[in-house]
1. Once you charge only the Cβ atoms, +1 for Lys and Arg and -1 for Asp and Glu, what is the size of the charge dipole of segment 480-560 about its Cα centre, to the nearest 20 debye?
2. Which of rounded, prolate or oblate describes segment 311-359 when judged by the alpha-carbon gyration tensor and an a/c cut-off of 1.5?
3. Under 8 Å for C-alpha pairs, at least 6 residues apart: give me the relative contact order for segment 352-414, rounded to a whole percent.
4. What trypsin sites (Lys or Arg not before Pro) in segment 388-451 are in a loop by DSSP, with at most 12 other Cβ atoms within 10 Å of the Cβ?
5. Using a 10 Å cut-off around each Cβ, can you sort VAL103, VAL523 from fewest to most neighbouring Cβ atoms?
6. For segment 101-245, with the dipole built from +1 on Lys and Arg beta-carbon atoms and -1 on Asp and Glu ones, taken about the Cα centre, which of GLY220, PHE101, LEU177 lies farthest toward the positive end?
7. Is the shape of segment 352-414 rounded, prolate or oblate, going by the alpha carbon gyration tensor and its root eigenvalues a ≥ b ≥ c, with a/c under 1.5 for rounded and a/b larger than b/c for prolate?
8. How many angstrom lie between the Cα centre of segment 476-535 and the Cα centre of segment 245-324?
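Values quoted throughout were computed directly from the atomic coordinates according to the rules given, and no laboratory measurement underlies them. Note that the structure is predicted; figures quoted are calculated from it, not measured. Cβ atoms come from the backbone with ideal geometry, glycine included; neighbour counts cover every protein chain shown.
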Amino acid sequence: MGVLLVFFSISFINGKGKGTDIRKSFLSHLYAALDQKGFYTYIDSEELQKGDFIKPALMKAIEDSRIAIIIFSENYASSRWCLEEVAKIMECKKQRDLTVFPVFYKVDPREVRTPRESYEKAMVEHERKFGRDSDEVKRWKNALSDAGSLSGWDLKDKDEAEADLIKRIVQEISMQLDRTPLHVAKHPVGIPRQVVKLKSMLNLESRDDVLMIGLWGQGGIGKTTLAKALYNDIFRGFEAPYFLANVRETSKDSKDLVHLQEKLLSEILVRKNLTVSSVDRGINLIQHRLCRKRVLLVLDDVDDVKQLNALAGGHEWFGKGSRIIITTRDNHLLTVHRIDEDHIHEVKTLKDGEALELFNKHAFLRSKKIVIRKDFVDGALHYANGLPLALEVLGSFLCGRREQEWESALNKLATSPDKTINDVLKLSYDGLEDYAKEIFLDIACFFKGRSIEYIMKVLNSCDFDTTIGVQVLVEKSLITKEGETIQMHDLIQLMAMDIVKQECRDDPRRRSRLWLCEDVCDVLSGDMGTNAVKAIVLVLPKTEAIYIGPNAFTNMRRLRLLIMINVHNSFQGPICLPNELRWFEWPECPWFPEFSSCPNKLVGLDLHKTNIQVVREQFKDFKNLKFLNFSECSSMVCMPDLNLTPNLEELDLHKCKNLERAHESVAYHTKLRLLNLEGCSNLQHLFDVLQSKNLQLLNLTDCSKLQRFPNIPNKIKGLQKLYLKGTSIEELPASIENLVSLENLSLINCKKLASLPSSIYKLPSLERLILDGCSKLITFPKKEEDLRDLHSNIGFPKLLVLGLGGCNLLEVEFLENHSCFPYLRTLDLAENNFAKFPTCGQLNNLLQLDVSECRQLEEIGKIPRQLQEFHAENCESLSKIPSDIWASNDIDLLCHGPVLCFHVPSRFILLPGGEMPQWLLPNKEGYISFMASKDLYKKFLGLAICAVIQVKKGKQAFGLFIYLYINGKKIGCSSFRSISSFESCVVY
């Protein structure tokens with residue numbers, strides 16, 4: 001007799017065939033036990049309506065079910081209906097992930113699989129009736145073999161009582177049905193597209209490996225919601241799925257971890273009273289019990305690596321095909337757990353359209369139409385900034401409210417964050433160490449959107465470990481690095497500002513940080529500062545006068561940052577600053593800072609755009625100073641003596657237009673890394689020698705009166721960038737070769753530079769050499785061979801870019817020594833006077849070559865085959881080009897005079913030579929008309945029409961329309977509306 005039990009929304013028990021005693025005993029008891037548990041069971045003889053055709057309804061019931069239990073009895077295979085059922089069930093198992101359990105009721109599983117005994121006899125009878133090779137019989141045999149191989153229950157006469165077996169079956173079914181889908185969200189907007197991406201990342205088709213992935217993002221971003229949706233989509237394909245929620249909340253210490261281990265094992269192994277004595281014991285149990293199971297485990301909201309080590313310490317803990325999903329706010333946890341970047345999904349804020357959709361679903365009821373101004377809706381969306389939690393909370397709060405209430409709520413939220421949202425976001429802050437909290441609050445209150453370089457300088461000056469601190473904040477999803485800046489979500493910034501305000505909500509004097517104009521004015525104008533204030537940063541949109549008294553900072557003994565932008569102080573006398581101040585930045589400040597005691601601890605001083613006149617005594621107590629900015633100080637005529645600032649690393653004096661001399665102390669300073677003198681147009685004397693060993697960047701751009709560059713007597717390994725653009729330097733010293741680390745040398749528009757020393761070839765690290773616009777430079781030096789050192793004959797071993805545009809070079813024979821330019825990629829020789837371009841086919845890395853506007857150029861030698869761009873516009877004397885020029889990927893070659901035009905895929909070539917045929921000359925009416933010869937059909941696939949237009953200099957721009965007619969019929973028109981008075985234009 002065959003019995004089939006299926007249950008979900010529809011379940012059924014089939015009692016057809018012989019041995020109907022099973023229906024009256026085992027089957028009836030099983031049915032009663034399932035009914036008592038509240039499971040709806042479907043019995044075909046009772047539930048099918050009279051007159052229904054049984055088979056289709058039965059098959060539909062199987063398809064709609066979640067779990068099927070096949071009860072194999074002695075005469076099961078004798079029933080064709082039973083065989084059809086088992087075949088359908090196994091088909092649904094493969095196609096629909098139907099869970100199937102066999103019960104071997106007083107038969108050996110081998111009888112079903114092989115088949116043997118009664119099953120063999122039954123199949124022989126079916127073969128006789130339907131044919132041994134019939135598709136039906138083969139399908140039945142395969143289904144029996146597959147079903148008989150499944151893990152289930154085996155009941156023999158003396159093994160155990162039927163009541164015990166029924167109890168075990170009901171227990172397993174209960175466990176299986178407890179694995180129901182999780183509630184995801186009321187409105188899961190934006191979730192499905194992310195689930196698709198994550199399923200691809202999980203590589204569910206592979207069952208030979210164990211894979212761990214991480215979902216990372218800030219609080220309220222939707223990590224848990226996404227993890228639930230992903231779990232629901234795939235959990236039925238796993239032997240042991242489990243979603244362990246709120247790991248952070250429920251694991252404060254080791255006892256809590258033991259509880260989580262017990263919970264994990266109990267749910268997966270269906271053992272209600274499983275006890276774990278310790279974390280180490282739990283680790284062993286998880287490894288031993290789950291190492292052969294295909295597990296789907298979600299660990300939600302993990303915030304400590306100890307949690308991962310206790311719950312999913314390694315891939316070997318789980319059976320092949322297992323997938324472990326971890327949600328966290330801390331990216332570093334995933335890295336420590338050996339999860340690579342390719343398996344970490346950053347959950348980001350919703351896109352604009354999705355954010356609007358989610359907000360609307362929460363804020364507006366379909367049944368109740370309320371009209372709200374668009375700017376209010378936009379204000380709410382701007383406040384939430386794509387954060388799902390904020391969209392849901394704010395939308396629900398505003399739902400059903402009037403416009404006046406919307407306006408009032410948004411005004412409140414602008415200064416005071418919503419508590420529900422704030423509490424979620426603040427969890428990440430609470431988990432930080434004290435130093436990281438300080439860095440976070442400074443960035444949130446003062447430096448959001450500023451460059452990483454600037455933030456590092458300022459906060460490092462306060463003795464913070466800023467490098468690791470910023471990285472921790474990124475990993476905790478509190479800030480992001482976008483390009484060269486640091487950003488954060490607006491609500492996280494608002495949360496941070498609220499933390500500071502909570503220090504003393506009614507009295508800004510007792511807060512650690514001040515940034516609002518009203519608070520700063522109240523504290524400084526009344527000399528009411530206290531020891532609580534650590535930092536003041538006031539950035540006004542335009543210059544505003546604020547009274548600051550001489551004793552405003554007297555009581556702020558812990559003040560470390562003072563930045564005042566666009567602040568004009570009406571008090572002209574010096575103001576005494578606290579000795580603990582580390583960074584002072586006040587453009588246009590009317591006085592030089594004075595301190596309460598000496599020496600001070602100042603690290604950064606920025607007084608650009610002031611009228612400061614530097615005198616020696618001013619810097620005698622600035623031993624800790626590292627960053628000094630006096631740029632655009634028009635009153636400065638002499639540079640400070642850097643001997644008084646032995647720790648100085650950066651000196652910025654750009655656009656100090658009256659500065660005439662550089663102090664000799666610069667030449668020997670041991671820690672100076674950056675010297676910026678750009679735009680010091682009256683600077684005439686630098687220093688005689690340069691021996692500053694740690695100087696990395698020297699910027700002398702547009703020091704137009706500077707005629708001499710200092711000698712470099714010894715090798716300097718620090719200097720990497722040297723900018724001499726727009727200076728009056730006539731030559732470089734031969735000792736330039738001692739700049740052994742120089743990577744970038746710019747001499748653009750050095751109009752008096754007439755020659756370069758051959759020692760320039762001895763710059764081993766040079767990557768960019770730019771001499772564009774050096775109009776007196778008529779020759780480029782050749783490499784002088786040194787017979788004593790053959791290795792030195794290589795020359796420019798790292799040079800990538802050589803710019804010689806507009807240098808009036810008469811020859812370029814230096815290029816013939818190919819060994820000097822082994823890695824050259826870009827060569828600019830435009831606007832020069834040489835007549836012949838030598839063969840440079842051996843420049844094996846050259847990708848870009850420009851000889852445009854070389855009007856004396858007559859011949860181009862062989863060019864490298866790998867060349868990607870070759871420009872030779874307006875080379876009016878050019879008469880010979882290499883035959884393999886077509887090999888270049890992007891050619892732009894324009895010449896004056898009679899032309900012959902070629903247009904091949906991805907190339908534009910216009911060459912001199914040839915003549916215009918008579919049939920292509922314009923007629924009296926100005927039209928060009930011709931009859932295409934039939935001979936052309938065999939030679940050309942199509943016809944390219946090109947017009948060359950030349951506009952006389954001084955003429956205004958004009959529009960051009962080109963009409964194309966074939967056989968008298970207009971088939972196209974092209975318009976060019978802004979052709980200007982340049983030399984020539986080619987249009988198609």
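1. Numbers: 12 positive and 12 negative charges, 84 e Å.
It comes to approximately 400 debye.
2. Details: a/c = 3.32, a/b = 2.27, b/c = 1.47.
The shape class here is prolate.
3. Working: 54 pairs, mean separation 28.8, N = 63.
Averaging sequence separation for qualifying contacts and normalising by length gives 46 percent for segment 352-414.
4. Values: sites: ARG401, ARG402, LYS412, LYS419, LYS426, LYS437, LYS448, ARG450; in loops: ARG401, ARG402, LYS448, ARG450.
Listed in order of number, the matching sites are ARG402.
5. Values: VAL103 21, VAL523 24.
Sorted ascending by nearby Cβ count, the order is VAL103, VAL523.
6. Farthest along the dipole direction, towards plus: GLY220.
7. On the way: a/c = 1.59, a/b = 1.08, b/c = 1.47.
Oblate, because a/c is 1.5 or more while a/b does not exceed b/c.
8. Using only Cα atoms, the two centres lie 42 Å from each other.
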